[in-house]
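Notes follow once the structure below has been shown.
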Amino acid sequence: MKWDEAAEKILIKMLDHLGFEIQVEKVVENDDVCLNITTDESKCIIGRNGDRLEDIQYLVNRILQKHYPDAPRVKVDCDLYRREQESKLVEKAKELAEKVIESGKSVRTRPLNAYYRRIVHNALVDESVTTNSPKSAARYKRIEIQASN
């Protein structure tokens, strides 16, 4: 069994044990594997601001890494919630970058986890701004967006 099939099996079994009836679609983009869950109980799986979805993804990847140490990380989504959140985040980051360019004053994002911070940093690479995350052990951090000199 390949690692991506194993990840799908882990996800289905985990949510089945929790009593959810789900369908899983595997989506492959740029060598990234995303397992998209479709269910009538998406709010329960997503949680508040996607926190349960993050936890499910974390557990799937931990179990997968135990059995397939070389497997890349698998993304878990539910009814394309993450995809929508990511595009909203990129849009908001670009708006903040425009604001920084116009005013010359730096701005900070809302606290973000490492995954979403990486999305913001990558979205603003080609803009006329620089991005900086503070060094700390906190799980959620703000990104400071500054005008390039």
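Laboratory data are not the source of any read-out in this text; all were calculated from the coordinates shown. Values in this document were obtained by computation on a predicted structure and should not be read as measured data. Here the Cβ positions follow ideal geometry from the backbone for every residue, glycine too, while neighbour counts run over all protein chains shown.
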### Query
Against the longest alpha carbon principal axis of the chain, how many degrees, from 0 to 90 and to the nearest 10, is the axis of helix 81-103 turned?
10
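Summing +1 for each Lys or Arg and -1 for each Asp or Glu, what net charge is found among the other residues whose Cβ lies under 14 Å from the Cβ of ASP4?
Details: positive: LYS2, LYS9, LYS26, ARG73, LYS75; negative: GLU5, GLU8, GLU25, GLU29, ASP31, ASP32, ASP70.
Net charge around ASP4: -2.
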### Message
Given an 8 Å cut-off on Cα distances and at least 6 residues of separation, report the relative contact order of region 84-147 as a percent.
### Response
43
### Query
Farthest toward the dipole's positive end in the chain, which of GLY50, TRP3, VAL33, given Cβ charges of +1 (Lys, Arg) and -1 (Asp, Glu) about the Cα centre?
GLY50
## Note on the structure
Projecting the Cα atoms of ILE63, LEU80, ASN113 onto the charge dipole of region 14-149, where Lys and Arg contribute +1 and Asp and Glu -1 at Cβ, the residue farthest towards the positive end is ASN113
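Kindly identify region 84-147 as rounded, prolate or oblate by the Cα gyration tensor criterion: order the square roots of the eigenvalues as a ≥ b ≥ c, call it rounded if a/c is under 1.5, otherwise compare a/b with b/c, prolate if a/b is larger, else oblate.
Since a/c reaches 1.5 but b/c is at least a/b, the shape of region 84-147 is classed as oblate.
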### Message
Considering only C-alpha atoms, what is the centroid distance from region 34-102 to region 116-140, in Å?
### Response
17
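Report, for the chain, the % of DSSP beta bridges that are antiparallel, rounded to 5. All intermediate terms of the calculation are to be shown ahead of the outcome.
Values: 14 of 19 bridges.
About 75 percent, rounded to the nearest 5.
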### Task
Write down, largest first, the equivalent ellipsoid semi-axes of the chain in whole Å, where each equals the square root of 5 times an eigenvalue of the alpha-carbon gyration tensor.
33, 16, 14
### Query
Relative contact order for the chain: what is it in percent, counting Cα pairs under 8 Å that are at least 6 residues apart?
18
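Set the Förster radius R0 to 35 Å, insert the Cβ-Cβ distance between LYS9 and LYS88 as r into 1/(1 + (r/R0)^6), and round the FRET efficiency to 0.05. Working shown, then result.
Working: r = 31 Å, r/R0 = 0.89.
Working from the Cβ atoms, E equals 0.65.
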### Message
In whole Å, what are the extents of region 3-79 along the principal axes defined by its C-alpha atoms, from largest to smallest?
### Response
32, 26, 21
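How high is the FRET efficiency from GLU98 to ARG139, r the C-beta distance, R0 30 Å, rounded to 0.05?
Working: r = 29 Å, r/R0 = 0.95.
Using R0 = 30 Å, I get an efficiency of 0.55.
Let me know the charge dipole size of the chain about its Cα centre in debye, to the nearest 20, where only the beta-carbon of Lys, Arg (+1) and Asp, Glu (-1) is charged. Please list the in-between numbers first.
On the way: 26 positive and 26 negative charges, 178 e Å.
Charge dipole of the chain: 860 debye, to the nearest 20.
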#### Entry: Table column - 3J(HN,Hα) (Hz), region 130-146, Karplus curve with 6.51, -1.76, 1.60, x for Gly and Pro
10, 10, 8, 9, x, 7, 6, 8, 5, 6, 10, 9, 8, 9, 9, 10, 10
### Task
Would you calculate, for the chain, the mean residue ellipticity at 222 nm contributed by helices, counting each DSSP H stretch of 4 or more residues as -39,500 (n - 2.57) and dividing by all residues, to the nearest 500?
-15000 deg cm²/dmol
